[in-house]
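The values are calculated or read from the model by the stated rules, or taken from the named source; none is laboratory data. What you are looking at is a predicted structure, and each value in this text was computed from that prediction instead of being measured. Here the Cβ positions follow ideal geometry from the backbone for every residue, glycine too, while neighbour counts run over all protein chains shown. When the accessible area is computed, the model is the full protein with side chains, heavy atoms only, and any ligands, DNA or RNA have been set aside. Shrake-Rupley method; radii C 1.70, N 1.55, O 1.52, S 1.80 Å.
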Amino acid sequence: MKASKISTSEDDREKKEGKSDVMASEGEYRWNMWAFVVLLLAVSAAHVTNASRLHRKISVLKMDEAALSVINEINDEMILFVLSDHCYQCLPQPLGLVPAAGPGPGTPTTVGFTVGTQHALTLQLNSTPVNKELCKVHFHFGEQGNYSLWVKNLDESSQVSCNMVTDNEPVNSFLPILFAFLVFAGLIALSTIWKTVRSLDAVRNLLLRLGSAIEAERLINSELGSPNRLSDNSTESIIPATAGRRLRSLDTFRGLSLIIMVFVNYGGGRYWFFRHESWNGLTLADLVFPWFVFIMGTSIGLSLSGSLRRGVGRTHLLRKIFWRSLQLFLIGVIIINPNYCQGPLSWDSLRIPGVLQRLGFTYLVVAALDLAVAQNRLTNESSESCWYSLHDIFLYWPAWLCVIAFEIVWLCLTFLLPVPGCPTGYLGPGGIGNYGQYPNCTGGAAGYIDRWLLGENHIYQTPSVRVVYQSPVPFDPEGVLGSINSILMAFLGLQAGKILLHYRDQHRQIMTRFLMWAFLLGILSAVLTKCSTNKGFIPVNKNLWSLSYVTTLSCFAFVLLMVFYYMVDVKKWWSGTPFFYPGMNSILVYVGHEVFEEYFPFRWKMANSQSHAEHLTQNLLATSIWVLIAYLLYRKKIFWKI
């Protein structure tokens, strides 16, 4: 509001309140300032609209929204504040003004608001003259529901009562997820039944006779000779010869991570738990990228060891490592800066960090480290040796020292680097977090280094931290400082590869060591986080790629890899289908889903864009199409390797 619109009486009151707040705490002062500013804004709005118009305005609700009517029966003007349970140490946010009740009895005022439904909210009503709290209500609204908050005096006393009433029941926004689960479970059940039926001798003989008849007819009508057919269990023969023997469990784990990544990148049905966490904590979307990095590290150990055993020179391998890293970086820059519909690309706003860029840099460092210490021939240590149980670590101690040095650099920069206007060692979200004390300090040293080194225009402009904490500054979750911890993540995956190499075909030894690593990393995560979301020494944070984030996700990765290894490669209970196919063509699927995201059949105009069901259908179908594409490419022996 402009200064010319502020009345003289309001100026006088502001001066008096400013003087009275000199001795108050900083938190109370900010509270009063917020209330006063909102009062001025709300008073002007109250003169140009009325309650019925407000109620009609919010009648059309979007996803994750509910309608709230505040019915005031007392003779005081009030300001409605709202605070999400998901916002840690946040200032309550003003929602609007609630006028006083009419002069006559039974003439309450009604004002309509729109509130979020993703997390529980605390609603607080304060009287406007003295900013006194009148009442407070904690409630979790349901999507598309209509609610009324009745504000009245208890009997004839001055004590105010607030009661929440549900006018219209909310919709069950989780029914589409349940339906989708039942559909996919049904498909899996049908597939299992078909495999069981097909394994019966009578059915198998029938299929063989039909297949022989069809093949004979094809050969009669063809002069091309007998085709090169593959048996059902000859999966290794379709893998390129340069790849060597592969573990299906690795490709299955990689494919699972990739498919979840595609699904959440396409929107995840617009459910909040399929999106990245705003700051501290984990959602499903926060799991997949670190797992992809982990499996990349495992593959590095296996592939480089195989190349060295075949006699490939280290200089040649180093050139290939550098070239592949450069390709990943360049492809990443291209696909995150598409201006197909917006004219020529603006170099002033080119985003530099990204997922493939992070993968390229991590691959370069970890592969070069492993190449420097890897052995041309693996030594078979005696199981009676005193250091047998740790020889997969001791043989590569120089690489371990380098990774530990990298981690010390991360800790020093994170907790010791002075950041202008911010406390040293700050790991918070900025914005309205930390009671609004450091609004421009998002990410502390990590955000500062990116803005200083790359420039504000070359990093991510709409980070997830804005959703809850309303941070005003750009912040990149694939920034420079976090790349150090992605190296640690890949190196822990490399350690899993060393275990597979040094204890080859000793299934019990391999799985035991996977579980030991998971246990150690889990204990370290518990210490760093104090088993809490926000109160630990180093909280789990995907935006920062914090140390606890890496240890926690590595713990999960070791457990999942052990499970997949046991089910797919040891017991062969599961072939890895369907995740195995995108895992074999991961770069193609990732780049393809980014490039063709806005094209049919991956996206189309929906009849109701505010429906979780339609978004979930679209995103699941698009993800399934990429699985089908990966399967067809697998059958055609087409693999994109860089």
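For the range 305-372, applying the loop criterion from DSSP together with a ceiling of 15 other beta carbons within 10 Å to the trypsin sites (Lys or Arg not before Pro) yields R310. Cα gyration tensor of the range 391-482, axes a ≥ b ≥ c as square roots of the eigenvalues: rounded (a/c below 1.5), prolate (a/b > b/c) or oblate? Prolate.
Note on T114 and Q327: the extension gain reaches 71.9 nm, defined as 0.36 nm multiplied by sequence separation minus the Cα-Cα distance.
Given their separation in residues at 0.36 nm each and the Cα-Cα distance between them, S148 and I334 gain 61.9 nm when the chain is fully extended. Accessible area per residue for the range 575-642 is 49 Å², calculated with a 1.4 Å probe on protein heavy atoms, without ligands, DNA or RNA. State whether the range 498-641 is rounded, prolate or oblate according to the following rule on the C-alpha gyration tensor (a ≥ b ≥ c being the square roots of its eigenvalues): a/c under 1.5 gives rounded; otherwise a/b larger than b/c gives prolate, and the remaining case gives oblate. It comes out oblate by the Cα gyration axes. Considering only P176, W194, Y147, the residue lying farthest towards the positive end of the dipole of the range 135-195 is W194, judged by Cα position with unit charges set on Cβ.
Each peptide in 158-171, 251-264 receives the mean, over its residues, of other Cβ atoms within 10 Å, and ordering these scores from highest gives 251-264, 158-171.
For the range 477-538, just say rounded, prolate or oblate: build the C-alpha gyration tensor, square-root its eigenvalues into a ≥ b ≥ c, call rounded for a/c under 1.5, and beyond that prolate if a/b exceeds b/c, oblate if not. Note, shape of the range 477-538 comes out oblate.
Heavy atoms of the protein chains alone define the surface here; on that basis the range 439-480 has 41 Å² accessible area per residue at 1.4 Å probe size. Calculated from the alpha-carbon coordinates, the range 306-376 shows an Rg and a Dmax of 16.3, 52 Å respectively.
Taken per residue, the accessible surface of the range 114-175 reaches 53 Å², heavy atoms only and a 1.4 Å probe.
Ordering 480-488, 140-148, 592-600 by mean Cβ neighbour count within 10 Å, with the highest value first, yields 480-488, 140-148, 592-600. Peptide packing: for 177-187, 580-590, the average count of neighbouring Cβ atoms within 10 Å per residue gives the ranking 580-590, 177-187, highest mean first. Rolling a 1.4 Å probe over the protein heavy atoms of the range 516-632, with every protein chain left in place, gives an accessible area that is 71 percent carbon and sulfur.
Kindly flag which residue pairs out of K542/K641; K195/K572; K320/K636 have an alpha-carbon separation exceeding 22 Å in this structure. Violating the 22 Å Cα-Cα cut-off are K542/K641; K320/K636. The charge dipole of the range 373-476, taken about its Cα centre with unit charges on the Cβ atoms of Lys, Arg (+1), Asp and Glu (-1) only, comes to about 340 debye.
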